[in-house]
């Protein structure tokens, strides 16, 4: 038994992570509704960004995919199906499926466009008339999580491709007049250290949420974090056993929220107030309004409610808007504080 345990790569339990509530909430809401548009996590080095992202992926229930399909195709949802699977279904073929863990794909900083998007074998296509596609990371990430550490250091062109695929749910590869399109719906999670430079505002704006995390200052909390990590490193199996009930409860809450999401409603007056807040803050475009509405619904579903209330909006709106404010180099007020001030004015 111990030999098997030692060979397994254990992931730190999500519910064992101390603090960093903002980052954890943003990840949970994006998992409940991937259409929120992903999350950008900015914070100091060594604050558990990568650990938390891997932990949320490990927590999620397994998904059913078509066997031997390159794109983790869904057996019944057309939006999550490759063209090959659609064709087989139309032909009446019987497709086998199996369960896999939710894909968690890391995008390395030095990745090329071909590595990200995939490649078409032009020679085979021209000589034999066969479209041969070598899938990239966008194909492997379909129905999963795509994580980009140090996204602020990634080439802008690749960030653009990532954001386009995340928004549309599709990736198209074109070479020499040959085109292949496949589903690529994933939760995009970027992380970075603000000391190493910010993303361009037009790219930052396209992330649904923006979580800021700071190094914990409270000595007793720091000790708790260190002890928790040490306990896990010494005996991962016991630590995972200790948090098994909490993990299962959170997994169940997420599944229930996903199933409730489509029936959650938000009152017209609250929609107007969200848009009024965006107007007061001079948020460009309507992305801020849309994401705040989506996130408030996801949070209400997470609370097992079928209607959004003011508290739900207050809980998520800073995460949805703080990165969309125009930056004033001389401004000493934190963007999160600015959002809170306007929210309190309008709701009170």
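Report the antiparallel proportion of the DSSP beta bridges in the chain as a percent, rounded to a multiple of 5. Walk me through the numbers on the way to the answer.
Values: 13 of 31 bridges.
Roughly 40 percent of the DSSP beta bridges within the chain come out antiparallel.
The GNM of the chain, with springs linking C-alpha atoms under 10 angstrom apart, assigns the highest mean-square fluctuation among 275, 230, 168 to 230. For the chain, the longest principal axis of the Cα atoms and the long axis of helix 310-321 meet at an angle of about 70 degrees. Between 147, 302, 268, the Gaussian network model of the chain with springs among Cα atoms under 10 angstrom shows the greatest mean-square fluctuation at 268.
Comparing region 261-347 with the 2.2 N^0.38 Å rule of thumb, its C-alpha radius of gyration ratio is 1.08 (two decimals).
Based on DSSP H runs of at least 4 residues, each adding -39500 (n - 2.57), what is the mean residue ellipticity at 222 nm of the chain after dividing by all its residues, to the nearest 500 deg cm²/dmol? List each step's numbers first, then the result.
On the way: 16 runs with 164 residues, N = 348.
Result for the chain, helices only: -14000 deg cm²/dmol.
Both the radius of gyration and Dmax for region 211-308 are 19.5, 53 Å, in that order, over alpha-carbon atoms. In the chain, the longest principal axis of the Cα atoms and the axis of helix 287-302 are about 90 degrees apart.
Computed from Cα atoms, the angle from the helix 156-168 axis to the main principal axis of the chain rounds to 90 degrees. Note on the chain: GNM, Cα springs under 10 Å; of 73, 96, 50, the largest mean-square fluctuation is that of 96.
Once fully extended, how much extra length lies between residue 45 and residue 231, figured as 0.36 nm per residue of separation less the alpha-carbon to alpha-carbon distance? Write out the running numbers ahead of the final one.
Values: separation 186, 0.36 × 186 = 66.96 nm, distance 2.17 nm.
Stretched out fully, the residue 45 to residue 231 stretch lengthens by 64.8 nm.
Sorting 215, 292 from the fewest to the most surrounding beta carbons within 10 angstrom yields 215, 292. Taking the convex hull of the alpha carbon positions in the chain and averaging its projected area over all directions gives 21.5 nm². Binning the alpha carbon pair distances of region 122-279 at 10 angstrom intervals from zero yields the distribution 8, 20, 28, 28, 12, 5, 0, expressed in whole percent.
All of the numbers you see were taken from the coordinates with simple rules; none came from a lab. These numbers were taken from a predicted model, which means no experiment stands behind them. Positions of Cβ are generated from backbone atoms using ideal geometry, with glycine treated the same way; all protein chains shown enter the neighbour counts.
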